[in-house]
């Protein structure tokens with residue numbers, strides 16, 4: 001399949017959020033990525049339910065929602081009601097991961113699991129049959145604009161082998177320091193979805209940057 005691009009709204013201009021969402025609507029982007037932070041799991045706060053609902057009213061692209069929060073089970077249905085199409089939880093935050101991802105699918109959303117840079121992909125082996133995507137964090141989560149962790153390539157290659165060996169229909173998504181320079185190697189390593197925040201919204205031509213990320217191959 002062709003790779004997907006999911007611009008991260010965390011890097012957008014919050015004073016002109018509607019304009020940035022409309023830009024994504026016009027662009028070659030496939031999804032719109034929203035990072036939900038609680039100030040506990042990560043040392044930052046971001047969007048709440050009212051913002052997600054407001055984004056959903058404007059967005060023409062599916063909402064790709066990543067929960068960087070503790071106890072995500074409390075909020076799965078509320079994020080579904082707010083308009084999430086994909087809902088990704090952190091491996092490190094889930095005590096009963098299989099139950100969590102099963103409930104996400106029961107709510108008719110795509111279920112994703114994110115792993116932090118220090119978390120080995122081997123820990124996902126038993127959950128791969130029950131999810132739709134794995135989000136490999138290529139920076140430590142919590143803040144935009146960080147440098148890509150180069151050791152991530154090895155993790156992605158290992159994860160791609162696991163997915164292919166099991167015959168699973170699981171997408172590999174990456175988030176953190178993604179730009180037009182490292183994106184081709186990421187796709188070559190087995191990535192299906194590129195999340196790009198700072199490289200898109202700090203660009204003088206955001207739509208053009210999205211187009212370049214989409215047309216790498």
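The numbers here are math on the coordinates, done by the rules we state, and not lab data. On a predicted model such as this, the values are computed, not experimentally measured, just so you know. Cβ atoms come from the backbone with ideal geometry, glycine included; neighbour counts cover every protein chain shown.
What nm distance separates the two modelled labels at residue 71 and residue 45, each placed 7 Å from Cα along Cα→Cβ?
Inter-label distance under the simple model: 1.7 nm.
Over all distinct alpha-carbon pairs, what is the Kirkwood Rh of the chain in angstrom?
17.1 Å
Mind checking the full-extension length gain between residue 14 and residue 107? Use 0.36 nm per residue of separation minus the Cα-Cα distance, one decimal, nm.
Here the segment from residue 14 to residue 107 would lengthen by 30.5 nm.
If you take the C-alpha gyration tensor of region 151-217, multiply each eigenvalue by 5 and take the square root, what semi-axes do you get, largest first, in whole Å?
In descending order the semi-axes read 25, 11, 9 Å.
May I have the convex hull volume per residue, in Å³, for the Cα set of region 1-129?
Here the figure is 122 Å³ per residue.
For residue 188 and residue 126, what is the calculated FRET efficiency with R₀ set at 35 Å and r taken between the beta-carbons, to the nearest 0.05?
0.80
Among DSSP beta bridges whose residues both lie in the chain, state the antiparallel percentage, nearest 5.
Roughly 5 percent of the DSSP beta bridges within the chain come out antiparallel.
At R0 = 25 Å, how high is the FRET efficiency between residue 216 and residue 150 if r is their beta carbon distance? Nearest 0.05 is fine.
Plugging the Cβ-Cβ distance into 1/(1 + (r/R0)^6) gives 0.85.
Sorting 216, 76 on the 10 Å Cβ count, fewest up front, what's the list?
Ranked by crowding around the Cβ, least crowded first: 216, 76.
Per DSSP helix of 4 or more residues, -39500 (n - 2.57); summed, then divided by the residues of the chain. What does that give at 222 nm, rounded to the nearest 500?
-9500 deg cm²/dmol
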